[in-house]
1. If we sort 15-23, 78-86 on the protection proxy, mean other Cβ atoms within 10 Å, highest first, what's the order?
2. With θ set to phi - 60° and the Karplus curve 6.51 cos²θ - 1.76 cosθ + 1.60, what are the ³J(HN,Hα) couplings of region 76-92 in order, to the nearest whole Hz, using x for Gly and Pro?
3. Roughly what would the spin-label model give for residue 112 and residue 97, points 7 Å off Cα along C-beta, in nm?
4. Quick check on packing: order 44-53, 119-128 by the mean number of other C-beta atoms within 10 Å, highest mean leading.
5. Report the calculated FRET efficiency for residue 124 and residue 83 (r = Cβ-Cβ distance, R0 = 35 Å), to the nearest 0.05.
6. What label, among [x] 44, 31, 24; [y] 50, 41, 19; [z] 40, 29, 28, belongs to Cα extents along the principal axes in Å computed from the structure on display?
7. Just to be sure I understand the model, the point goes 7 Å from the Cα along the line to the Cβ. What's the resulting residue 43 to residue 90 distance in nm?
8. How much mean residue ellipticity at 222 nm does the chain get from its helices, if each DSSP H run of length 4 or more adds -39500 (n - 2.57) and you divide by all residues, to the nearest 500 deg cm²/dmol?
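Throughout, read-outs are computed from the coordinates displayed, never taken from laboratory work. Fair warning: this is a prediction, and the values are worked out from it, not measured in the lab. All Cβ positions, even for glycine, are placed from backbone atoms using ideal geometry, and neighbour counts span all protein chains on display.
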Amino acid sequence: MYALLEPGSHHSWQLKCANAGHPPPLLVSHDGDTRYLTTGHSVLLGIEPDTPRPSSTHTLAPDSTLLLYTDGLIERPGEDLDRGLARLRQHAAALTREPLAVFCDELLAGLVHGGNDDIALLAVRLPPHDLNPPAEERP
């Protein structure tokens, strides 16, 4: 996963990303709305070396949370992957207003069930509107 987060206009942020085989990033709004960022996704590195790698750009609202994670967080043996993705969305939506450290700790506590796969997550909480001047007003 390659991701670049930059200030956008009107208090927003721009995420430019390319994903080579990882689960899609999850975006959680301050109100608890969730969506997976599925564009810019391609096959794992090394599978087809000459395959073009698409990228995508997403506009992120102030006070939203961007979650990157490995498949160990959502996969369970014998279970459909869509079920794990739905479970992650539900947990993240319920935790959206928690401090970021609590958000991450509670996701791990609620989703990890004795698997043997690696688990890593990276979460970024964007500043709220009142702490986030528009790009044209930033130094």
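1. My ranking of the peptides, most packed first, is 15-23, 78-86.
2. 9, x, x, 10, 5, 4, 4, 5, x, 5, 5, 4, 4, 4, 5, 5, 5
3. Calculated label separation equals 2.8 nm.
4. The most tightly packed comes first, giving 119-128, 44-53.
5. That gives a FRET efficiency of 0.85.
6. Here the calculated entry is [y].
7. It is 3.5 nm.
8. -6000 deg cm²/dmol
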